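The values are calculated or read from the model by the stated rules, or taken from the named source; none is laboratory data. These numbers were taken from a predicted model, which means no experiment stands behind them. So basically every Cβ, Gly included, is an ideal-geometry build from the backbone, and we count neighbours across all protein chains shown.
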Amino acid sequence: MAEDERLVKKIAAKSEDFSRWYLEIIRRAELADYAPMKGMMVIRPDGYSIWENIQRLLDGRIKDSGHVNAYFPLFIPESFLRKEMEHLKGFAPEVAWVTHGGQEELEERLAVRPTSEAVIGSMYAKWIHSYRDLPVLINQWANIVRWEKVTRPFLRTTEFLWQEGHTAHETFDQAQDETIKILYLYKEFVESELAIPVVEGRKTPREKFAGAMETYAIEALMSDGKALQMGTSHNLGQHFSKVFDIRFEDREQKRQYVWQTSWGVSTRLIGALVMTHGDDSGLRFPPQVAPVQIVIVPISIGNWKENVLPVAVSVEKDLRRAGWRVRLDAREEFTPGWKFSEWEMRGVPLRIEIGPRDVKENRAVLVRRDVRKKDSVDLGELISRVKGTLREIQASLFDQALRFQRENTRTVSDYDEFKEVIESKRGFISCGWCGDESCEARIKEETMATVRVIPLKRDREDIGPCVCCRKPGRESALFARAY
RNA sequence: CGGGGAGUAGCGCAGCCUGGUUAGCGCACAGCGUUCGGGACGCUGGGGUCGGGGGUUCGAAUCCCCCCUCCCCGACCA
C-alpha cells in the first residue's frame, strides 16, 4: 500500500514488519496490554468483548450438540499428575507449582492446571458406573497456566483462557465419532463466525497431544505465511481411564474402561483474527465477533448539534433496537477525519457518516472497512442495507482469507523445491511423506517446517513419494512453518 | 533456556561514550479561540522517584554489580 494511502501511520506497516505490526496494533487498538509479570497480559475490554462473542457463539454450538458446562478445580495434586507419566512428561517443563498455603509449606505440591484431564478423570471415576451413565459430555470454560519460555500476546501467554471438552463413551467408535464431530464443529464455527478458513486433519505422532491416541486439529494460514493451530480434538482412547480407573459395567455385564475424548480452543483465536484479517490501516474484524459492529460518525460542521446530532442519535437507537453493537462517536474534541482513521484502525466493520448534506436528503453514508467502499443510502432503508452490508463484509473477509490460503498452498514434488518454497514464499506445502519420524525430524531441522496436519480430505487420491527420502509416500501431508 | 538489542512524561525518541545549572524534543494531555465530509491550527499551560535495588564519587540518567520487563534470532509448546 502506498504511503499516502496508508491512513494510519503511527504503527509499523504490516507489509513491512509483520511481527512488530502485530504487537503494536494489539496495544494501539487496546485489545490487550502487558502485565508487569513475565509472559502475562491484560485482556482489555475490546479484546475481552471478542472473547465474549466467541464464547457465546461457540457455547451455543457446544450445547446444541448435547454437551453441558461444569467447572473443575484450578489446582491438581501432584500425585494425580504423576499417575500418568507420559502425560506428565509432556507438560512437566511448563507446570507451575503451588508449594505454600499462607506461611505453611504444603505436604503435597499442587499443580496449577496446564489442562484438566487428570482432575476430570478422577471425578469421572466416581461418577461413571454403568453404560447407562454414558456418554458423559462435559465442557468447561476456564483459565490455564503453562510456564512458556517464549510468549506473545494471545498466541502464547503464560495464562490463557479456553474451553476444554471432556467426554467419556462406551466404545472406541463413539469416542472417535465425537472427536471428529467436534473437529468439524470447530471448523464450521471458525469459518462462519471468525471468517478464517481452516484445514482439518490429523496430527503426526510427534505433534500429537501427550497421552492421546490421535490428535486432530484445524490449522489456518496467517497472512505472513505462517500456520497457526486454531483448535484441537483428541481421541484419548483408554489411556486416562486406565490410569484413573474409570470403569463401567457394559451391556454384557462386563467391566470395561471408558473411551474418552478432549478438545479445546483458546484466546489464541483472537490473535488469529488479528493476523488473518488485519491490514496496513489496522484491524479488520468480521461483524459476527467485532466488539463494535457499527460506528456512527456525525459530521461536526456548522450547527451540527441541532441539525445532525439528533438524526445520528435516532439512527443509533434504531440500530441498537435491531440488535447490533453500535457506537455513536459524538465527541467534539476530534474531527470527523480523525475518527474515521481511529475506528478503521480498531477494526469496526461498518461506519455510518451523517452530515448536513445527508440530513437534508434524508440519507446517510455507509463505509465498509474491508474494502473502504462508500455508499449513500436512504434512511428509510438503512436497517436493511446495514444488515446486507454486514453480511457481505463477513463473507468478503472469509473470501479474501480463503483466496490467500489457496494462493499460498503449494504442491511440491521434490525436496529442493520444498526448501525453496519454504524459504521464499512460506505458506502451506502439500506433499507426500513416508510417515517416518526421521524424515519429519530432518525436514524440521533443515527448514523449520513441521507437519501441520495430514488433511482428512485430499484433492487427489494418489500420494507422491516422500518429499524427503523418496520412498513411497504413505501420507499426503501439509507442511508449514508455524507459530 | 542460549545469543543479540532495549527500558528517560501516556506514546515515540534524544541526552549516556567523555559524570557537573532547573533532563530535552515530537505527538498526546489541559485551558481559550478559530475549525470540522479522510488523523486541523494558533496562543498558553501541566506532567519525570531517568525500569528497580545496591555500589563508586564532593556529585550519577550518565560509570560498576545484581534483579525485573520487553523485542529480535535460535532449542520446547493451545
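For the reader, a short list of remarks on this structure follows.
- Residues satisfying the stated conditions in region A:35-94, i.e. in contact with a Leu (Cβ under 8 Å, 6 or more places away or on another chain) and among the charged types (D, E, K, R): A:Arg44, A:Asp46, A:Arg61, A:Glu78, A:Arg82
- Which numbered condition A:Leu366 fails, given (1) over 18 Å from A:Phe340 (Cα atoms); (2) within 31 Å of the chain's Cα centre (by Cα); (3) assigned by TED's automatic domain parsing to the domain that holds A:Phe340: (1)
- Selection count where residues are among the small types (Gly, Ala, Ser), surrounded by fewer than 21 Cβ atoms within 10 Å (Cβ to Cβ) and within 14 Å of RNA strand B (Cβ to nearest atom), scope region A:22-62: 2
- Pairs where the first residue, in region A:154-169, is in the same structural domain as A:Asp59 (by TED's automatic domain parsing) and the second is modelled with pLDDT under 95 and basic (Lys, Arg), C-beta under 9 Å, 6+ apart: A:Arg156/A:Arg146; A:Thr157/A:Arg146; A:Thr158/A:Lys38; A:Thr158/A:Arg146; A:Glu159/A:Arg146; A:Phe160/A:Arg146
- Region A:440-459, residues that are within 15 Å of RNA strand B (Cβ to nearest atom) and in contact (Cβ under 8 Å) with a residue 24 or more places away in the chain: A:Glu440, A:Ala441, A:Arg442, A:Ile443, A:Glu446, A:Thr447, A:Met448, A:Ala449, A:Thr450, A:Val451, A:Arg452, A:Val453
- Residue match in region A:278-293 (condition: in a helix (DSSP H, G or I) and in contact (Cβ under 8 Å) with a residue 40 or more places away in the chain): no
Here is a yes/no grid of residues against (1) hydroxyl-bearing (Ser, Thr, Tyr); (2) farther than 27 Å from A:Glu24 by Cβ; (3) within 9 Å of RNA strand B (Cβ to nearest atom); (4) part of a loop (DSSP other than H, G, I, E, B):
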position	(1), (2), (3), (4)
A:Ala330	no, yes, no, yes
A:Asp358	no, yes, yes, no
A:Ala364	no, yes, yes, no
A:Val367	no, no, yes, no
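- Residue match in region A:314-326 (condition: over 35 Å from the mean Cα position of the chain (by Cα), modelled with pLDDT of 95 or more and outside the structural domain of A:Glu193 (by TED's automatic domain parsing)): yes
- Of the residues making up region A:132-187, those that are touching a Leu at 6+ places or on another chain (Cβ under 6 Å) and in a loop (DSSP other than H, G, I, E, B) number 1.
- Checked against (1) assigned to a loop (DSSP other than H, G, I, E, B); (2) surrounded by fewer than 24 Cβ atoms within 10 Å (Cβ to Cβ); (3) at pLDDT 95 or above, A:Gln256 meets all criteria but (1).
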